[in-house]
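To start, the structure under review is shown below, and the notes come after it.
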């Protein structure tokens, strides 16, 4: 296979895939239309069945009417024979023969209509069952489609909320991290301040313990002045 043939095959394959995708996306709409078309054909079949049933009834009525006529003329023939009028009886017999021929034709026609009615009844019943099952399946598919769409919507909303929640958690963690860093810096600054003037800290501790007097206290100044006055 040369390059152009391969390219043509690839294009046909791509077109087929696109066509299948379009059909799949419109599957429910296509099914609904097919069901409507089937309903139309079923209605036409029922109308045809009604027409054939009407013709069958007319044909059966003709058969019954012919049978009644035959029975009537048979009585006439018998009466002619009883009267000794064989010529008239033969003429009546010819009439009966013609009626029997007509009756046979009408019976055959009626039987043909009856066979057609039986076949068409069976076909209509099967079609009704098939359409009913198809409608049930389509309803099930539609219900499943609705449920799945709802589930997808919930999943998408849940996914979005989860993403937002994750973002909020990450922001909270960053805030905590910054607070911890600030606290560590403040603690480090305090430690640095304490270590930068150890003597001042020690002096403060001694004065606080009462071990060392404050140089700038009033008592120390007054004591010093008294010592000077005595001298």
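A few remarks follow.
- Rounded FRET efficiency, nearest 0.05, which uses the C-beta distance separating residue 101 from residue 55 and R0 of 22 Å: 0.60
- Residue-span extension gain [residue 90 to residue 45] - 0.36 nm each, minus C-alpha spacing: 11.3 nm
- Spin-label model distance (nm) - residue 142 vs residue 29, 7 Å beyond Cα toward Cβ: 1.5 nm
All of the numbers you see were taken from the coordinates with simple rules; none came from a lab. From a predicted model like this one, the values you see are computed outputs, not experimental measurements. With ideal geometry, Cβ positions are generated from the backbone for all residues, glycine too; neighbour counts draw on all protein chains shown.
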